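Nothing in this text is a laboratory measurement; each read-out follows from the coordinates by a stated rule. Predicted model, so just to flag it, every value in this text is computed and none were measured. Glycine also receives a Cβ, built like all others from the backbone with ideal geometry; neighbour counts cover every protein chain displayed.
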Amino acid sequence: MIPDEITRAHLKRAIPQLALRGWPVRRRSTRYDLVDELHRVPPKEAVREAATVAGVRLGRFSGGDETNEFLRDRGFVVVGKNDVLLGVTPVQEADDRSFPEGAIIFRLHQSRERNGRAPLEAKRQRLVTTGDLACDVCGFSFVQAYGARGAGFIEAHHDEPLSQVRTRVRTRVEDLALVCSNCHRMLHRTRPWLRARELCELLRRERDAS
């Protein structure tokens with residue numbers, strides 16, 4: 001059993017150390033990888049390294065489900081060798097264009113067609129690549145702030161507003177910025193909407209001035 005004393009902070013310190021030092025061939029993972037920022041390391045080795053960082057005694061424990069569940073509970077991303085995500089599913093965004101408030105009413109209105117698969121694929125690719133869903137503007141990470149509850153959550157912003165197109169278009173992953181809820185509201189606060197890089201530059205200037 002893996003000791004609960006090993007925390008996310010211990011793992012965050014251990015993973016870069018492990019990636020830098022490496023691990024014996026006999027301890028390489030054949031089925032899974034722990035993905036964290038720029039590193040891909042064997043899950044069991046990450047736990048062993050974190051135990052050393054934490055200064056706790058690590059007894060016998062199994063790989064696979066036990067190790068992967070332990071890591072996911074601490075907000076980390078584990079993928080199969082074929083880059084299939086395990087346990088962390090990108091969260092589908094709610095449609096925030098309508099706000100029912102209790103009364104039964106009927107409305108006829110026009111809205112832009114949206115395809116939820118593009119944001120989900122953008123999030124999936126980011127998770128596989130970096131192991132996190134950090135905001136493209138401010139760097140905020142829901143999983144780092146809220147632990148497992150925030151795993152898989154981020155919002156997607158169309159840098160080219162759909163409201164400006166006149167015909168059906170095909171949205172690519174590259175057309176979407178992944179942003180936290182605060183930055184998403186700031187992007188949409190005034191028209192014309194800002195692009196993510198424009199808000200990022202605004203934020204940088206404000207931080208430099210403070």
Give me, ordered by chain and number, the residues 5 or more places off V77 or on other chains with an amide H under 5 Å from its own placed amide H.
V35
For labels at R207 and Q92 in the simple 7 Å Cα→Cβ model, what's the distance in nm?
3.4
Mean Cβ-within-10 Å packing, highest first, puts peptides 56-65, 38-47, 11-20 in the order 38-47, 11-20, 56-65
